[in-house]
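For reference, the structure is listed below as structure tokens.
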Amino acid sequence: MVSRTRGAHVLVWEQPGLEDQHPRSYTGGLGTRHWVTFMLFLGMANAYIMRTNMSVAIVAMVNHTALPVVAEATDNECGDTETNTTNHASQDGKFVWSTPMQGYILSSFFYGYVITQIPFGILSKRYGARLFLGVGMLINSVFGLLVPVAAEAGYGYLILVRFIQGLGEGPIVPCTHAMLAKWIPPNERSRMGAAVYAGAQFGTVISMPLSGLLSAYGFADGWPSIFYVFGLVGTVWCLGFLFFVSEDPEQCPRIKEAEKKYILSSLWGTAGSSSPPIPWSKILMSMPFWAIMLAHMGQNYGYETLMTELPTFMRQVLHFSIKDNGFLSALPYLCMWLFSMFISVVADWMLSSGRFNHTQVRKIINSMGQYGPAIGLFIAANTGCNPAATVAILSVGVGLNGGIYSGFKVNHLDISPRFAGILMAFTNCLANLTGLLAPIVAGYIIEGRPTQVQWRKVFYIAAGVYIFCATFYNVFASGRRLEWDNPADDEANAKKAAAKKSEKLEKKAAKNQSLQETAQ
């Protein structure tokens, strides 16, 4: 049953309090919304390629043999420390950058990335997401082409260029979320959202091996070709996105009328020009929002521990470096990508079957995505001197982590389609800051004592964070559109705001008049 309010299609099942009934399906096959999803997928892949390629390139850029050697603390519980070592001499470059300086270069991107999350989330709500996303990524790609020149000019210029790249990539997550809210009907969000965000894993799987090959065999002396190739590919994507993707179905000249009606009737007040004031106080008082926030923060902390600290553990304790093998480095990301695709289809089937509502599906799938890696960390902490088992646990744990894309990652779209980009900007910003704590905590625990006992503490802490945040999410999360994002209330809220403003102006005028009379 469909009713209409102020020219927008309003579905009874999408009104607060009437959750999880299912809209009519559109049987027109692949449509414009699938094209938008594919372009956003490529954009996310490009973003993660630009984010990770420096970590591969810097190995070939640095002259390792010219650096002063400081012996790394290792553990001898698992035998000799000479196994599986990497021959750096064959990879030496021209830049003599110390390890701390390499850290500054690698982290400069992320400082730019974090500080633009919230501003672009707010701006995308007011002015639209498409332009910020496309232009931001264009800046990222163009400055990527300048990385070799900046490196030759000095590390200060390189840090500045990487920082600007991070600024340009800042809009990718909040603006992608805002566009998904306008283009994707509720019962397609699990697989469409997972398809888009799985671009992160796809980009990493492509970036790591290909960057290694370009570094060894590419043109322009090897490593510069990494930035030229990916920078050019990113620029082409940005131009294609800006020319061939529209802000929403109402502004798209190529969409079929049947698909347009299907999307608009499913979204109830999401598409179009409806842009009420942001209800900041109600958002901050909303427990479902905080459930997503905690889940996102716990995810980033646990993920950074899984992907950053386990290889270090295998080098220091097991004397086996996963980075020595490009396939093994990319395998966990490949598992996460494949599982996220599989579980997203399952999630949408659960919704379409009518046996589960949105709240139940988000909690069930998110539990797989966060309890699974927690269990993996507990097991990895007790695998002993078994590198193969540790790699297997890493792959399975990170693979199960793909459930978060059909869990909390698309939950913003459920509770508030119109403000989804802003909600994602806040949660993603704080989550990225939380993720930076993982290597700090691990470094403090294992400094000078890289024993299995100390590493077990690192894994247990990360697993505990996963479990706490996932449990908090299961208690307080909701898949229902919340009452403070009710388009039916827009007119009443606008009148109330206008009346309050008018009253304030009248009081100010009366006060001024009183002051004038007193002065006379």
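Brief remarks follow.
- Selection of region 215-234 for residues being closer than 20 Å to ASN140 by Cα and part of a helix (DSSP H, G or I) yields PRO224, SER225, ILE226, PHE227, TYR228, VAL229, PHE230, GLY231, LEU232, VAL233, GLY234.
- The single condition from (1) surrounded by fewer than 24 Cβ atoms within 10 Å (Cβ to Cβ); (2) modelled with pLDDT under 85; (3) hydrophobic (A, V, I, L, M, F, W, C) that ALA380 fails is (1).
- Qualifying residues in region 349-377 (those that are open to solvent by 30 Å² or more (accessible area, probe 1.4 Å) and not in a loop (DSSP other than H, G, I, E, B)) - the one modelled with the lowest pLDDT: SER352
- Residue ID - farthest from LEU167 (Cα to Cα), chosen from residues in region 26-40 that are open to solvent by 30 Å² or more (accessible area, probe 1.4 Å) and either at pLDDT 90 or above or in a helix (DSSP H, G or I) (or both): HIS34
- ILE440 being part of a helix (DSSP H, G or I), at pLDDT below 80 and of a type in the set (Val, Ile, Thr): yes
- Entry remark, region 394-421: residues being open to solvent by 10 Å² or more (accessible area, probe 1.4 Å) and either hydrophobic (A, V, I, L, M, F, W, C) or not in a helix (DSSP H, G or I) (or both) number 2 in total.
- Residue that is modelled with the highest pLDDT, among those in region 89-108 that are in a helix (DSSP H, G or I) and aliphatic (A, V, I, L, M): ILE105
- Residue match in region 237-258 (condition: under 26 Å from THR427 (Cα atoms), in a helix (DSSP H, G or I) and in contact (Cβ under 8 Å) with a residue 60 or more places away in the chain): yes
- Considering (1) modelled with pLDDT of 85 or more; (2) open to solvent by 10 Å² or more (accessible area, probe 1.4 Å), the lone condition that GLY272 does not fulfil carries the number (1).
- For region 444-459, the candidate set comprises residues that are open to solvent by 30 Å² or more (accessible area, probe 1.4 Å) and under 15 Å from THR305 (Cα atoms); within that set, the residue that is modelled with the lowest pLDDT is TYR444.
- ALA198 vs. criteria at pLDDT below 80 and hydrophobic (A, V, I, L, M, F, W, C): no
- Exactly one residue among LEU318, LEU310 is outside any helix (DSSP H, G or I) and at pLDDT below 80, and that residue is LEU318.
- Residue, farthest from LYS94 (Cα to Cα), within region 208-225, restricted to residues that are modelled with pLDDT of 80 or more and crowded, with 20+ Cβ neighbours inside 10 Å: LEU214
- Scanning region 174-196 for residues that are of a type in the set (A, V, I, L, M) and open to solvent by 10 Å² or more (accessible area, probe 1.4 Å) returns ALA178, MET192, ALA195.
- Cβ-Cβ distances below 7 Å connect the following pairs, each with a first residue in region 184-203 that is under 16 Å from TYR48 (Cα atoms), a second residue that is open to solvent by 10 Å² or more (accessible area, probe 1.4 Å) and modelled with pLDDT under 80, and a separation of six or more residues or different chains: GLN201/TYR333.
- Consider region 334-348 and keep the residues that are aliphatic (A, V, I, L, M) and open to solvent by less than 40 Å² (accessible area, probe 1.4 Å). The one that is modelled with the lowest pLDDT is MET336.
- Counting only helices (runs of 4 or more DSSP H) that fall entirely inside region 109-168 and contain at least 1 residues that are hydroxyl-bearing (Ser, Thr, Tyr) and open to solvent by 60 Å² or more (accessible area, probe 1.4 Å), the qualifying elements are 117-127.
The values are calculated or read from the model by the stated rules, or taken from the named source; none is laboratory data. All values derive from a computational prediction rather than experimental measurement. Cβ: placed from backbone, ideal geometry, glycine included. Neighbour counts: every protein chain shown. To get the accessible areas, we keep the full protein, side chains included, count just its heavy atoms, and leave off ligands, DNA and RNA. Shrake-Rupley method; radii C 1.70, N 1.55, O 1.52, S 1.80 Å.
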